[in-house]
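I have placed the structure first, in the form of structure tokens, so that the comments after it can refer back to it.
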Amino acid sequence: MIIDYLDGSAPTDIDVDLCIVGAGAAGIAIARSFIGTSSTVCVVEGGGLSGEEKSQALYEGSSVGCPPFDPGTSRMRVFGGSCTLWGGGCIPLGRHDLSQRDWVPHSGWPLSYDDLEPYYTSARSYCRIDSHDFAEGSFLGPLTRPPLSFDADKLINQIFARSPILFGQAYRSELDQAPNIKVLLHANLLELEASPDGASVRQARIGSLDGRTGQVRARHYVLASGGIENARLLLLSNALAPGGLGNDRDLVGRFFMDHPSGKLGTVTTNDPDRLTRPYDRNLGKGLAPTFPEIGLSNDIQRTHRMLSGRVHPFAVEGTVPKGIRALRNFRAALHPPARDEGSMLEARLCAALKNGPSSGDGAAVATESMAMLALRLGLGASDVARALLRKLADRPVVTSNHVELIGFFEQAPNPDSRITLGAEVDALGKRKVCVDWRLTALDRHTYRTAATLFGGELASACGGTFQLEPWLEGDPDTIPLVHGTAHHLGTTRMSDDPRQGVVDRHCRVHGIDNLHIAGSSVFPTGGWAFPTFTIVALSLRLAEDLRGLLASPVASQAA
């Protein structure tokens, strides 16, 4: 059942077996695992069924690190979570990603690939990519086009599958119809209140933007609110523990990571199609297509003592013929962007993420009448005809002679890169988040080494030349021109040693017997892999543990 907490008839206080805070990929996966069981579940979601600026404003905060980081535009507060904006990329981590690497401080998971593999299998069904087999670090295809061949000691092609769904849309009806599940929309967690001895959570105090407050009492609690908000909510739960729940060793919020991305350089070539077409995500076939990405081999990472990373080649269009520009503008006029609040918010957040190449000559928002646009299209008919022939020949409709290489990298775990509470408060009276995003010498070494390697190998593959970006030359301490990719990791990291992590290998907060955390905040390291597939796998693993705990008569009871 889905209930709007802003509705005056909604219950103020709720008693259930399991309380899940957050209805994104992780929260929905866990809740859905309890459909048809005897356990009762309440999912607390701060957003509504579509994006709303008032709810989104609760994610705003400050940035004091370098590079700067905007916590208000890199995630979305809505039923379905930030995956409402995702591109669908799914790929498993490999053994190397999970291992302890002597050149990467604080690396190593307490879980092995073999521990995760059965849950990756289950995650395929949840993400609706069941038809694709996978191995460690890659899906197995099939691919629409064969990728380039590289020296496997240097570069490798790793394959990801693209999920065709948005979790909020795909599973809304199931959750709404489940009699044992309540989803509270517009209900924001204000604080997790602990028992007097601090060994368990007693209740979750919730509130809405219209001033309505209440409590959810449960046997077990799961924070599933994302890599930034999970840490913030623990820090805000400080009535009994001044530093926040689970923060006895000052680890909550530390080790904040993303997948930094930036332009590495440009390949100039007479044959750009050879480099770009195998990796063009617009050319996939089927409901859940697969695509290759060019990654650093494990051997080269070990040899150069660098982090993991991938590069994507983007063809940069040359001059767009007038007829093609007219066609694009005509199409844009036929399908104007939606102007409702949710769609406009999604567009604003997507625009804030700079995950592609520099802007080319794309279609502008049409300001001319349809008649004038049709006239311009008619005058450019010959350009359109030539473009059609190029498309039939499996070539881009607009020629190019250079390719931008955009890198995406693992970030080194760094305890000084962290999430804290700022001085300002939000509309609920809770302190806003402050992000101190910091990169290390290892990160900078990785960008420089990988850029030269990627550029040289890809230029050689298409008979071209590579020009390194200026920021990667000269002084190694130059501030990297990278930005985040909204993959927030590490702030409640996993470790069997409570001195090294916030949660144990079962995602239970150390020292608190009924509090668990789901999502990428538990990742000790992140590889370069899109995190959602591993988030779902870990969530399904946690759900299995929770079903066992709740089936036991000695499961933790609320005090």
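Treating each Cα of the stretch 20-172 as one equal point scatterer and applying the Debye formula with no solvent, the log10 of I(q)/I(0) at q = 0.12, 0.18, 0.20 Å⁻¹ comes out as -0.74, -1.25, -1.28. Restricting attention to the chain, lysine pairs at least eight places apart or on different chains and with alpha-carbon atoms under 18 angstrom apart total 5.
Accessible surface for Ser131 stands near 100 Å², nearest 10, in the context of the full protein assembly shown (1.4 Å probe).
Considering only DSSP beta bridges with both partners in the chain, what is the antiparallel share in %, to the nearest 5? Beta bridges within the chain, antiparallel portion: roughly 65 percent. With a Förster radius of 45 Å applied to the beta-carbon distance between Glu117 and Ser369, the computed FRET efficiency rounds to 0.20. If the segment from Ala199 to Ser131 were pulled out straight at 0.36 nm per residue, it would be longer than the present Cα-Cα gap by 20.1 nm. How far apart, in nm, are the 7 Å Cα→Cβ label points at Asp271 and Ala352? According to this spin-label approximation, the distance is 4.3 nm.
Measuring nothing but how far apart in sequence close Cα pairs (under 8 Å, 6+ apart) lie, relative to its length, the chain scores a relative contact order of 25 percent. Remark: the stretch 91-101, residue by residue, has Karplus-estimated 3J(HN,Hα) of 7, x, 6, x, 4, 4, 4, 8, 7, 7, 10 Hz, where x stands for each Gly or Pro and the curve is 6.51 cos²θ - 1.76 cosθ + 1.60 at θ = phi - 60°.
In the neighborhood of Phe330, defined by Cβ-to-Cβ distances under 10 Å, what is the net charge if each Lys or Arg adds +1 and each Asp or Glu adds -1?
That sum, taken over residues with Cβ under 10 Å, equals +3.
Considering helices alone, the calculated mean residue ellipticity of the chain at 222 nm is -8000 deg cm²/dmol, with DSSP H runs of length four and up weighted by -39500 (n - 2.57) and normalised per residue.
One chain, two ends: Arg547 and Leu428. Fully extended at 0.36 nm per residue, the span grows by 39.5 nm beyond their Cα-Cα distance.
In a fully extended conformation the segment linking Thr37 and Asp7 would gain 8.0 nm over its present Cα-Cα distance, using 0.36 nm per residue.
In Å², what does the accessible area per residue of the chain work out to with a 1.4 Å probe?
Accessible surface, normalised per residue, equals 40 Å².
In order along the stretch 45-54, phi translates into HN-Hα couplings of 10, x, x, x, 6, 9, x, 9, 4, 5 Hz, rounded to whole numbers, per the Karplus curve 6.51 cos²θ - 1.76 cosθ + 1.60 with θ = phi - 60° and x for Gly and Pro. Just so you know, the Rg over Rh for the chain is 0.98, from Cα atoms, with Rh as the Kirkwood radius. Legend: residues Tyr119, Tyr447, sorted from most to least accessible area (1.4 Å probe; ligands, DNA and RNA excluded), read Tyr119, Tyr447.
Dividing the radius of gyration of the alpha carbons in the stretch 1-103 by their Kirkwood radius gives 1.06 for Rg/Rh. When only alpha carbons are used to place a centre, the stretch 15-60 and the stretch 491-559 end up 17 Å from one another.
Amide H contacts of Val183 (H built 1.01 Å from N, in plane; Pro and chain starts excluded): Ile2, Ile3, Val43 sit under 5 Å, all sequence-distant by 5 or more or on other chains. Couplings for the stretch 324-340, taken from phi via the Karplus curve 6.51 cos²θ - 1.76 cosθ + 1.60 with θ = phi - 60°, read 5, 4, 5, 5, 5, 5, 5, 5, 4, 5, 6, 10, x, x, 5, 10, 6 Hz in order; Gly and Pro are left as x. Could you tell me whether the stretch 91-153 comes out rounded, prolate or oblate from its Cα gyration tensor? Rule is a ≥ b ≥ c as square roots of the eigenvalues, rounded for a/c under 1.5, then prolate if a/b exceeds b/c, otherwise oblate. Judged from the Cα gyration tensor, the stretch 91-153 comes out oblate (a/c at least 1.5, b/c at or above a/b). Distant-in-sequence amide contacts of Gln215, defined by a placed amide H-H separation under 5 Å and a gap of 5 or more residues or a different chain, comprise Asp13, Ile14, Ile206. At an R0 of 35 angstrom, the distance between the Cβ atoms of Met344 and Leu283 translates into a FRET efficiency of 0.75. Put the Cα centre of the stretch 225-247 next to the Cα centre of the stretch 379-439 and the gap is 30 Å.
The values are calculated or read from the model by the stated rules, or taken from the named source; none is laboratory data. This one's a predicted model, so the numbers in the text were calculated from it and none came from an experiment. Don't worry about glycine lacking a Cβ; one is built from the backbone with ideal geometry, like all the others, and counts go over all protein chains shown. Accessible surface is based on the protein model in full, side chains and every heavy atom, while ligands, DNA and RNA are left aside. Shrake-Rupley method; radii C 1.70, N 1.55, O 1.52, S 1.80 Å.
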